[in-house]
Amino acid sequence: MLYIYEVKINNIIDLNYSDMKRGEMIDKISDSSKEYDFIVIGGGATGIGVALEASARGYSVILLEKSDFTKSTSSKSTKLVHGGVRYLAQGDVGLVREAVVERGLLTQNAPHLVKNQSFIIPTHGLFDELQYTIGLTLYDLLAGKLSLGRSRRISKAKTLKRISTINPDKISAGVVYYDGQFDDTRLAINLLQSSAELGAVVINYCTVTGLLKDPNGKVTGVKFLDEEGKSKHEIKGKQIVNATGVFADDVLKMDSPDAEKTIAPSQGVHLVLDKSFLPDNDAIMIPKTDDGRVLFLVPWHGRVVVGTTDTPIKEESLEPIALEEEIDFILKTAARYLIKAPKRSDVLSVFAGLRPLAASKGDGKKTKEISRSHKIFESESGLLTMVGGKWTTFRKMGEDLVDKTEKRNGWLHVPTKTKHLKIHGYKENVDLSDPLYFYGSDENEILKLAKEEGLSESLSSNFGIIKAQVVWAVRYEMARTVEDFLARRTRCQLLDARESIKMAPQVAKIMAAELGKNEEWITKQVDDYVRVTQNYIL
Ligand SMILES: Cc1cc2nc3c(=O)[nH]c(=O)nc-3n(C[C@H](O)[C@H](O)[C@H](O)COP(=O)(O)OP(=O)(O)OC[C@H]3O[C@@H](n4cnc5c(N)ncnc54)[C@H](O)[C@@H]3O)c2cc1C
């Protein structure tokens, strides 16, 4: 079998704005005789990593997502591109090394979305200072040439100068280190655009409902439902990949009704506060909270994200809801370190995500101790399931899965093409004070659209969002609902849930005009958005 591939390595993929059109994607798959090299089920970080790697190597790829891309865990992260300092404390050096290398590569490949963020660990006494300085020096060394900066101890006076809101009674000094910070859903959209530009078919609102098998029980394709048109489809593929995160067991059950449970979901909650709680540039990392967890306070899009928790959850859901005890825990811990204690009424938004951790085998491990490394399971049918891992390592996860596929299927090995692949929107030295900076090289096109079609009017003075962004998201980023726009093409829902509800009617109206929808659609969209977003308000 000969695979022909043409990728511009070390180069920006040509922009082709028609590549992310849902209608055209659906048309492409109407030919049921075509056999794809890869069918990827799930449009979160894991599935997107596989789609990008496989399409970059020249394989034909289709990715199906039952809701919007990243609707589940991949839009609810702490927004860190990091090695995971605490995994180092747990002795997982291999995992940290892999992640810091990936952190460095992503900083190079998507500089418009990944920024170098300084963190300060508040210390309590000499032992703390020594422990964290040594540990973080090792963290830097593991990154080698891809290190983002040297860790070092700073005095109490310097710590108080750099973090003006930290409680002086609670610290003896500080240790500074560096990690990456990003916008998870914006990265996902750009990665999907890159994949589409490389030939992948990526479609949201398509639910895989079953697997196709040959007489020997080998999986040969999938059945799926287009949730918009309510049409049923079947497509054939050589390698089917289950990248459904906390829903992986549902697909494994489609493969074999008595498949074992592989996932132990663990919930993580974040609160978003006004910038006044952390007005400076440094983030705070609290390495040991009362119950041994880590808590971050990170500046993000002009607000502060505070989290997270680690609570075992029985039922997986696309919209997990923060528990009262998780909210209290975050507020209480933050209050201990800040001069002004944040109250419930200060919370602009609360969001919860589920970690798809590998289920423990009854060895009594707590979820925070279960390995975060990714795992690939191979079913007898040939289905490959990838779970675990982190957003930071999505590229390496894709590489590992495609390598494994080539090996098990006896295909010619094509070396990875994504290590230095500049992703859609690539732009260096973006101005973070520009409200449209996260579009990278697309920003000029959006401003052109705004000028040409009279769409420069602002939709919210809080966010600096203009009408052209809504039109852009529909035309070129496959936004289909008001929530897609307010939660994932922009981050209004997470940054200020109440303000985002105020924007919903206008957003619905603009989207309706673009999508050819009627008043009834507008009303339903606004109702749906308000219902979901109530869960983000305390
Ligand atoms: C609270 C929290 C904070 C985190 N913070 C960080 C961080 O700061 N940095 C970091 O690197 N990592 C972080 N992580 C880890 C990272 O977010 C996850 O590892 C990653 O997002 C998991 O992606 P996924 O694609 O495996 O799962 P998901 O994002 O859940 O994607 C799976 C997708 O599959 C879809 N799906 C399910 N069933 C079907 C079906 N039948 N048909 C079609 N589609 C289907 C779902 O709708 C979903 O979109 C964090 C995780 C959590 C929970």
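The values are calculated or read from the model by the stated rules, or taken from the named source; none is laboratory data. Predicted model only: the values in this text are computed from it and were never measured. Using ideal geometry, Cβ is built from the backbone for each residue, glycine included, and neighbour counts are taken over all protein chains shown. Accessible surface areas use protein heavy atoms only, side chains included; no ligands, DNA or RNA. Shrake-Rupley method; radii C 1.70, N 1.55, O 1.52, S 1.80 Å.
For segment 38-47, taking the residues that are near the ligand (Cβ under 7 Å from one of its atoms) and aliphatic (A, V, I, L, M), the one that is farthest from TRP411 (Cα to Cα) is identified as ALA45. With the condition kept exactly as written, say whether any residue in segment 251-258 is more than 25 Å from the chain's Cα centre (by Cα), surrounded by 15 or more Cβ atoms within 10 Å (Cβ to Cβ) and farther than 22 Å from ARG480 by Cα. Checked against the condition, which is being more than 25 Å from the chain's Cα centre (by Cα), surrounded by 15 or more Cβ atoms within 10 Å (Cβ to Cβ) and farther than 22 Å from ARG480 by Cα, segment 251-258 yields at least one hit. Only a single item in (1) part of a strand (DSSP E or B); (2) modelled with pLDDT of 95 or more; (3) within 16 Å of the ligand (Cβ to nearest atom) is not met by ILE330, and it is number (1). Number of residues in segment 135-165 that are in a helix (DSSP H, G or I) and open to solvent by 60 Å² or more (accessible area, probe 1.4 Å): the value is 8. The set of residues from segment 102-124 being assigned to a helix (DSSP H, G or I), in contact (Cβ under 8 Å) with a residue 60 or more places away in the chain and out of contact with any strand residue (DSSP E or B) (no Cβ under 7 Å at 6 or more places or on another chain) comprises GLU102, LEU105, GLN108.
Applying the criterion of being at pLDDT below 95 and at positive phi to the residues of segment 73-113, the residue that is nearest to the ligand (Cβ to nearest atom) is GLY84. Could you tell me whether any residue of segment 452-462 is open to solvent by 10 Å² or more (accessible area, probe 1.4 Å), touching a residue at least 12 places away in the same chain (Cβ under 8 Å) and assigned to a helix (DSSP H, G or I)? Checked against the condition, which is being open to solvent by 10 Å² or more (accessible area, probe 1.4 Å), touching a residue at least 12 places away in the same chain (Cβ under 8 Å) and assigned to a helix (DSSP H, G or I), segment 452-462 yields no hits at all. Of the listed requirements (1) farther than 29 Å from THR159 by Cβ; (2) without any contact (Cβ under 8 Å) to a residue 12 or more places away in the chain, PHE127 misses just one: (1). Selection of segment 384-411 for residues being open to solvent by less than 30 Å² (accessible area, probe 1.4 Å) and part of a helix (DSSP H, G or I) yields TRP391, THR392, THR393, PHE394, ARG395, MET397, GLY398, GLU399, LEU401, VAL402, THR405, GLU406. When restricted to residues that are open to solvent by 10 Å² or more (accessible area, probe 1.4 Å), of a type in the set (S, T, N, Q) and either within 9 Å of the ligand (Cβ to nearest atom) or under 23 Å from ARG491 (Cβ atoms) (or both), segment 48-72 contains 2.
Filtering segment 388-409 to residues that are touching a residue at least 60 places away in the same chain (Cβ under 8 Å) and away from the ligand (no atom under 16 Å from the Cβ) leaves THR405, ASN409.
Within segment 486-534, which residues are open to solvent by less than 60 Å² (accessible area, probe 1.4 Å), in a loop (DSSP other than H, G, I, E, B) and out of contact with any Ser or Thr (no Cβ under 8 Å at 6 or more places or on another chain)? THR490 - this is the single residue of segment 486-534 that is open to solvent by less than 60 Å² (accessible area, probe 1.4 Å), in a loop (DSSP other than H, G, I, E, B) and out of contact with any Ser or Thr (no Cβ under 8 Å at 6 or more places or on another chain). Checking VAL219 against (1) in contact (Cβ under 8 Å) with a residue 40 or more places away in the chain; (2) more than 30 Å from GLY440 (Cα to Cα); (3) open to solvent by less than 10 Å² (accessible area, probe 1.4 Å), which single condition isn't satisfied? Every listed condition holds for VAL219 apart from (3). If you check THR333, THR308 for being under 19 Å from ASN535 (Cβ atoms) and of a type outside the set (A, V, I, L, M, F, W, C), only one passes: THR308.
The C-beta contact set for segment 289-314 (first residue open to solvent by 40 Å² or more (accessible area, probe 1.4 Å), second residue more than 10 Å from the ligand (Cβ to nearest atom) and among the β-branched types (Val, Ile, Thr), distance under 6 angstrom, 6+ apart or interchain) comprises PRO312/THR367. Being touching a strand residue (DSSP E or B) at 6+ places or on another chain (Cβ under 9 Å), aliphatic (A, V, I, L, M) and buried (at least 23 other Cβ atoms within 10 Å of the Cβ) is the filter here; which residues of segment 466-485 pass it? VAL470, MET478, listed by residue number.
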